[in-house]
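Step one of this worksheet: look at the structure below.
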Amino acid sequence: MDCVFCGIIRGDIPSKKVYEDDTVLAFRDINPEAPVHILVVPKDHIASADMIDTTNSEIIAHIFEVIPQIAKDEDLTGGYRVITNVGPDGGQSVPHLHFHILGGAKLPIHMGV
Ligand code: DGP
């Protein structure tokens with residue numbers, strides 16, 4: 001499967017990793033929209049948040065345990081935003097589930113990625 005994030009997870013495509021465990025990888029977005037812009041992805045290929053169900057929701061819960069750890073490591077004490085885009089109408093450009101962490105500045109209310 002030709003998936004850029006699977007390539008990053010395999011190590012075939014370089015990335016600036018900020019967190020990794022058995023099931024989750026987080027790395028800096030190649031096109032940052034904020035001073036801190038990190039993508040958190042499951043290592044298993046899940047196409048988008050629309051594919052979350054009882055068979056994979058444990059990994060999603062784990063991602064949401066990891067996100068506060070990353071925010072702490074990145075010193076996002078003033079807060080941050082977590083975004084996932086779903087499908088073409090939702091603005092998803094990479095069809096591998098990912099959560100954007102945006103922070104390091106006061107973000108515009110309606111800012112998306
Ligand atoms: P979305 O539009 O929500 O699907 O976000 C995809 C994000 O992925 C976008 O902000 C840019 C980022 N991205 C795409 N290709 C790469 C890559 O090869 N490396 C890194 N680090 N980020 C990438």
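The values are calculated or read from the model by the stated rules, or taken from the named source; none is laboratory data. In this text, all values refer to a predicted model and were calculated from it rather than measured experimentally. Please note: Cβ atoms are built from the backbone with ideal geometry, for glycine as well, and neighbour counts cover all protein chains shown. Remember, those area values only see protein heavy atoms, side chains included, never the ligands or the DNA or RNA. Shrake-Rupley method; radii C 1.70, N 1.55, O 1.52, S 1.80 Å.
Within region 31-44, residues that are farther than 10 Å from residue 101 by Cα reach partners that are open to solvent by 50 Å² or more (accessible area, probe 1.4 Å) and of a type in the set (S, T, N, Q) with beta carbons closer than 8 Å, at six or more positions or on different chains, in the pairs 42/23; 43/23; 44/23. Quick one: in region 1-27, of everything that is buried (at least 16 other Cβ atoms within 10 Å of the Cβ) and within 8 Å of the ligand (Cβ to nearest atom), which residue is nearest to residue 82 (Cα to Cα)? Out of the qualifying residues, it is 27. Taken over region 65-78, residues that are assigned to a loop (DSSP other than H, G, I, E, B) and open to solvent by 80 Å² or more (accessible area, probe 1.4 Å) amount to 3. Note on region 79-89: among residues that are in a loop (DSSP other than H, G, I, E, B) and more than 8 Å from the ligand (Cβ to nearest atom), the one that is least open to solvent (accessible area, probe 1.4 Å) is 87.
Look at (1) touching a residue at least 24 places away in the same chain (Cβ under 8 Å); (2) farther than 25 Å from residue 7 by Cβ and you find that residue 84 fails only one, number (2). Every test in (1) free of Cβ contacts under 8 Å to residues at least 40 places away in the same chain; (2) open to solvent by less than 60 Å² (accessible area, probe 1.4 Å) is passed by residue 103 save one, and that test is (1).
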